[in-house]
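**Student:** Quick one: structure below, then a few questions.
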Amino acid sequence: MTPMPQGPPFAVRARLLSPLAGGTWLDELDGLLEVDAGGRITRAGAWPSGAEAPASVLDLRPHVLMPGLVDLHAHLPQIPNAGLGSGLDLMTWLDRYIFPLERDYDRSVAERQAPLAFRAFAAAGTTTVVAYAALWEDSTDAAFAAAESHGIRAVIGKVMMDRLSYDTDIDPGQILETSLRQSDALASRWHGADDGRLSYAFTPRFAVSCSAEMLRESAALAARHGAYWQTHLSEDHGEIGEVSRLFPDARDYLDVYDRAGALGARTILAHAIHLSPREIERLVESDARVAHCPASNLFLSSGMMPLGAYRAAGMTVGLGSDVAAGPELSIFSVMRAGAVTQRVLELMGRGHPDGAIRPLDWIRLGTLDGARALGLDGTIGSLEPGLEADLIAIDPRLTSPLPSDDPPEPADDLASRLVFRPHPNMVRAAWVRGRLLAGPPGRAMIG
Ligand SMILES: [Zn+2]
């Protein structure tokens, strides 16, 4: 097995593939990437000729170095049931497969499962994950502690529900105040921890299970902490109908969150599939961010996002696994589901006139666009000097249909293989700030 650098500083020789700010790409068949002792990229470019080459370098060829993947939407307690319950509608699936797991996600379960979950995300190439925990303060705290020691970059929040809650022990008159107080305490403890590697997201589940007060007060708390605010939007027709019944004064689903003062650049809305033209316009105007979860949307037959139209409207969109409604943690698998979704829309005559979304576009959506959605595009998401070294190393030979030592050379072809033939073991190593994460085989024997 190719030895991988364990921590900064280091220099590696590899193929480099990365989106760059401004829409261009770094594509070096024979490249050099250097990371300083502080975990920042100091150099990313062509392998230098002659005396300029560094004295000490690990040769990772033919591995491909890319920015780590950003998963904008996942549910930690749900992971054990990934892949179960396809074909059920959203509300039935939640009752049968999801709420029992979340109800049982106490501190001891989180202490056992969360470290395994973060290793699994890293093994899939995810170096930044935005996750919902369960309703419980103590297990959310345990999930943060697990992320802190694992090394992954994480945004996590305690789920908030003051309607249809699976917490049957609490006095209904206490739910709102308790949930706000516990979320506030968690944000005080974890938002910005480890120099910004960990962040808090206030996490009202969705409008069906939250009162207008809970939405409004959680948004106010998020603003006070400078934290994120995440929820679900417009995933399923049944859900949309229920929201219009519960909030008869709202113009549409998005307006429920708008009236709560919850829309802004720190807002992450998962799904957002069935938006009206007014909602698209208002979402873009408000600068809220969208987590596109096509694998989940296919699994639960929720719908197909008109991504081309959203992008043309200027919406900031990244990708989410939505595990466990999404059956796989891999953002590469999400890219494939997204590409299939867009093909089907084209077959139905609903493709966007700007043309197909290419494999390299999907790689950008899963890396730099995800970082942009979190306001972290000056920090991660690209192999550029000055950014923090959140990286993955991929063995592209594993994407070949037959055993081969000749991975595709054109960047388009390489990206197409990564999107359409992702191999479960192709991510060989993952780093955050240059520190090797447990999970991929590069560190299978450690931690
Ligand atoms: Zn979700």
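**Student:** Would you work out which of Y253, L176, N425 lies farthest towards the positive end of the dipole of the chain? Charges go on Cβ: Lys and Arg +1, Asp and Glu -1.
**Tutor:** N425
**Student:** Label-point separation (nm) for A312 and D106, each offset 7 Å from Cα along Cα-to-Cβ?
**Tutor:** Roughly 5.4 nm, to one decimal.
**Student:** Still on this structure, please answer the following. Residues with amide H under 5 Å of L319's amide H, sequence separation 5 or more or different chain, H placed in the peptide plane at 1.01 Å from N; which?
**Tutor:** Excluding prolines and chain starts, which carry no amide H, the hits are L72, H292, G370.
**Student:** Can you classify segment 61-126 as rounded, prolate or oblate using the Cα gyration tensor, where a ≥ b ≥ c are the square roots of its eigenvalues, rounded means a/c under 1.5, and otherwise it's prolate if a/b beats b/c and oblate if not?
**Tutor:** Oblate, because a/c is 1.5 or more while a/b does not exceed b/c.
**Student:** Roughly how big is the chain's charge dipole about its Cα centre, with Cβ charges of +1 (Lys, Arg) and -1 (Asp, Glu), in debye to the nearest 20?
**Tutor:** For the chain, the charge dipole is close to 580 debye.
**Student:** Leaving out ligands and nucleic acids, and using a 1.4 Å probe, what accessible area per residue does the chain come to in Å²?
**Tutor:** Accessible area per residue, the chain: 37 Å².
**Student:** Now for a different question. Which one of A117, S244, H225 has its Cα pushed farthest toward the positive end of the charge dipole of the chain, where Lys and Arg give +1 and Asp and Glu give -1 at the Cβ?
**Tutor:** Comparing the listed Cα positions along the dipole, A117 ranks first.
**Student:** Name the most mobile residue of Y166, Y132, Y257, meaning the one with the largest mean-square fluctuation, in a Gaussian network model of the chain with Cα contacts below 10 Å.
**Tutor:** Y166
**Student:** Report relative contact order for the chain in percent, whole number only (criteria: Cα-Cα under 8 Å, sequence separation at least 6).
**Tutor:** Worked out over the chain, it gives 21 percent.
**Student:** Which length gain, in nm to one decimal place, applies between V340 and L402 when the Cα-Cα distance is subtracted from 0.36 nm times their residue separation?
**Tutor:** 20.0 nm
**Student:** Further, regarding this structure: Anyone know which of G434, G366, G314 comes out most mobile in the 10 Å Cα GNM of the chain?
**Tutor:** Taking springs between Cα atoms under 10 Å, the residue moving most is G314.
**Student:** Please find the FRET efficiency linking A21 to H237, where r is the Cβ-Cβ separation and R0 is fixed at 35 Å, and quote it to the nearest 0.05.
**Tutor:** 0.40
**Student:** If you stretched the chain out fully between D95 and Q6, how much longer would it get, using 0.36 nm times the residue separation minus the C-alpha to C-alpha distance?
**Tutor:** Answer, rounded to one decimal: 27.7 nm.
**Student:** Any idea how far apart R358 and S244 come out in nm if each label point goes 7 Å out from Cα toward Cβ?
**Tutor:** Those two pseudo-labels are separated by 4.0 nm.
**Student:** Follow-up question, since we're still on this one. Counting each DSSP H run of 4 or more residues in the chain as -39500 (n - 2.57), what helix-only mean residue ellipticity at 222 nm follows after dividing by all residues, to the nearest 500 deg cm²/dmol?
**Tutor:** -10000 deg cm²/dmol
The values are calculated or read from the model by the stated rules, or taken from the named source; none is laboratory data. Keep in mind the model is a prediction, meaning the values are calculated, not measured. When we count neighbours, we look across all protein chains shown, and the Cβ atoms used for this are built from the backbone with ideal geometry, even at glycine. These accessible areas exclude ligands, DNA and RNA; they are computed on the full protein's heavy atoms, side chains included. Shrake-Rupley method; radii C 1.70, N 1.55, O 1.52, S 1.80 Å.
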